[in-house]
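Have a look at the structure below, then the notes.
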Amino acid sequence: MSLVPFTNLPNLKFLYIDENNMVMEPSSYTLIPKFQLREINFSNCITSQELSLELPTFLHYQYDLRFVDLSGNNFSGTFPVWLLENNTKLEEFILNGNSFKGRLRLPSVPNSNLASFDISDNKLQGQISSNICSIYPHLEFIFLSKNAFEGNIPPCLSGMKDLFFLDLSDNQLSGRVPEELIMKSLDCLRLSNNNLSGNVVPAILKANGLLNLYLDGNNFSGEMVNVDVSTFQFPTSLEEIDLSNNKLYGKLPRWMGNMSDLRRLALSNNSFEGSIPIEFCRLNYLEFLDISQNNLSGSIPSCVNPPHIEHVHLHGNRLSGTLSLAFYNSSSLVTLDLGENNLTGRIPKWIDTLSSLSVLLLRANHLQGEIPVQLCNLNSLSIIDLSQNMFSGSIPSCLGNLTLQTHENKIIQHEKVERFLTEGKTIINHSFADSYIEERIDFRTKSWFHSYGGNILQYMTGIDLSCNKLTGQIPRELGNLSEIYSLNLSHNNLVGVIPSSFSKLKQIESLDLSYNKLSGEIPNQLVELNTLEVFSVAYNNLSGSIPESKAQFGTFIENSYEGNPFLCGPLLNKSCSKADAPSTESTPSDDDEGEDNWVDKYVFCVSFVVSYVVMLLTVFIVLYINPHWRRTWFSFVGKCVTTCRYSTMGNFIVYHISKICA
């Protein structure tokens, strides 16, 4: 689509052509329109891969714009301050998702009409102009995130009376945060992923008008002090707090239990210690709790069971004890992440009361006993990690009944908030998320730990039972997990053959069966797994030819099969001829060799006894039939006895024989 046909429309006021494939005229082509627009939405229109795209020339001739959205087009060059200078009645200015660079220059003439200013996700640098507050005194929304701004946060932002939403995240800002900014009545204050420092705890205690506070990914330090709950008025307005990835320490503050409206709390990757406060049990509206990667100890309070809880992350602490009744009957719980702690005991049989559970992570604890079959009743379960524990017994065959379907509830659904124009009643396409806390998990697949979040987490499925003491055969029913992406059964004591039903795992990308006691041949049907990227059957007792090197199996190297001396094939530089192959005429294993030795000894003993008996019977029969030989035999025996009696050895033998028989 070209803009040329629109130039001869003098009455054109509103131009909404977002998400179209626009053809840009050459910069030498001067497009002088007859119209004066009030609103233009030109977002996500340019699909060209050119490194440098300039703004359309017709914008230089517009002087009455109220709403401008040029986001998501990869426009480049310096910041178009002329667009702000030419349109003094501008109310909404949206340039996010482009490649403007250089410093942020602002007009010299104030504009009291501008309410929303979004230049996020560009390449702007330098300090944020301190005169932004005087040039645009009535700003409600300021989005400057994902640039390279540095220096301090302008203190004047604390005095902007109409400010509603401030996002300065993902920059290189440093210094301290003005306390008045945190104490201001904002809907959202987002300063994530900068180099800000100082102690923000005192200001948080006074944030009585703030709804959502995101200070994660900075260098904030200080102790989260506990205060007297009976004499202090707490910031009850806060609904979301993210202080993760900082340098905060001390015990988790009990006063957070008084934040009656708190929905999401993230305090991970700090240095908090002590136990989980019992006061957290009063957070009845809590949906998301992440206090992972700290130094927390003690047991999980059994009362931690908010009625609306969906995501719980406690991994990477020193929590101990059993699961007891914590989270019992939490029908809303979607993610339970308790990995890398010191938990003991068994997985409780009431686990199937968590009817919405989709992600269960219990890796690297001291859990034991059998894997409960009640897990099979969780229809929403799609990711299971029970690795590095002491589970024993066999793998429940009913795990093959899990559908492993994708579920939207695995991630936090962020609703978009849209604004309405006062005039024209048109919905403005510019929107922002109602939350910036993202659900993420760590799961080992393809031999590495990967972090999954967003849509990738929504579609991820996997089972990891590695590094336990599981025995028995691999259930062939696991071949019914047609939607699984990763299956890890390595480092156990599994025996038997690899089920040929694994050829039905059409989505699998990682299959690890190494370090077990599996025997037999590798099913050649596995070459049908066209999505398989990582495959290992190393260190088992497998024999025969490895699968044909075609499709994905043509990408695997020798270490996928190492530690199986009776496997053969071109990849292993070992011929599979009958002279070398151990399959039917193969070299026996140690167990078989011992069994064959026992058989040889048994045959020898039986043969010897039978031969001895036959010889004696033959002698007796001959002596009975022939009297001459009988007399000669007894005469010979008598002489031998007489000779032995008079010898020293004979006396010795007779003495002992007589002593024994006495």
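Each reported figure results from applying straightforward, stated rules to the coordinates on display, with no laboratory input. For clarity, every value in this text was computed on a predicted model and none was experimentally measured. Neighbour counts are summed over all protein chains in view; Cβ atoms, including those assigned to glycine, are modelled from backbone coordinates with ideal geometry.
Go ahead and collect, in residue order, the members of segment 57-83 whose backbone nitrogen is under 17 Å from a label point 7 Å along the Cα-Cβ direction of residue 99.
Label zone hits: 71-80.
Taking the simple approach of a point 7 Å from Cα along Cα-to-Cβ for both residue 434 and residue 162, what is their distance in nm?
In this crude spin-label approximation the distance works out to 2.5 nm.
Using R₀ = 22 Å, calculate the FRET efficiency as 1/(1 + (r/R₀)^6) where r is the Cβ-Cβ separation of residue 36 and residue 109; round to 0.05. Could you put the intermediate results ahead of the total?
Values: r = 20 Å, r/R0 = 0.89.
Working from the Cβ atoms, E equals 0.65.
How far apart, in nm, are the 7 Å Cα→Cβ label points at residue 572 and residue 476?
2.4 nm
Per 10 Å bin from zero, what fraction in whole % of the C-alpha pairs of segment 182-226 is there, up to the bin with the longest pair?
28, 55, 17
Positive end of the charge dipole of segment 161-216 (Lys, Arg +1 and Asp, Glu -1 on Cβ, about the Cα centre): tell me which of 163, 191, 181 has its Cα farthest that way.
The residue sitting most towards the positive pole is 181.
Above 18 Å lies some portion of the pair distances; for segment 251-409, what is it as a whole percent of all C-alpha pairs? Numbers along the way, then the final one.
On the way: 7216 of 12561 pairs.
Percentage above 18 Å: 57.
Could you calculate the FRET efficiency of residue 8 with residue 409 from 1/(1 + (r/R0)^6), where r is the beta carbon distance between them and R0 is 45 Å, rounded to 0.05?
FRET efficiency, residue 8 to residue 409: 0.30.
In sequence order, what are the phi-derived ³J(HN,Hα) couplings for segment 84-101 according to the Karplus relation 6.51 cos²θ - 1.76 cosθ + 1.60 with θ = phi - 60°, rounded to whole Hz, with x for glycine and proline?
6, 5, 6, 10, 7, 9, 4, 10, 10, 10, 10, 10, 5, x, 10, 10, 5, 9
Calculate one ³J(HN,Hα) per residue across segment 449-463 by plugging θ = phi - 60° into the Karplus curve 6.51 cos²θ - 1.76 cosθ + 1.60, and present them in order as whole Hz with x for glycine and proline.
Values, residue by residue: 7, 10, 9, 10, x, x, 5, 5, 4, 4, 9, 6, 9, x, 9 Hz.
Per residue of segment 150-155, in order, report the coupling 6.51 cos²θ - 1.76 cosθ + 1.60 (Karplus, θ = phi - 60°) as ³J(HN,Hα) in whole Hz, putting x for Gly and Pro.
The phi angles translate into 9, x, 8, 6, x, x Hz.
Taking 0.36 nm per intervening residue step and subtracting the Cα-Cα distance, what contour gain separates residue 390 from residue 260 on full extension? It would help to have the intermediate numbers written out before the result.
Working: separation 130, 0.36 × 130 = 46.80 nm, distance 4.00 nm.
Contour length minus the Cα-Cα distance gives 42.8 nm.
Once label points are set 7 Å from the Cα along Cα→Cβ at both residue 610 and residue 127, what is their separation, rounded to one decimal in nm?
Here the modelled spin labels are 10.6 nm apart.
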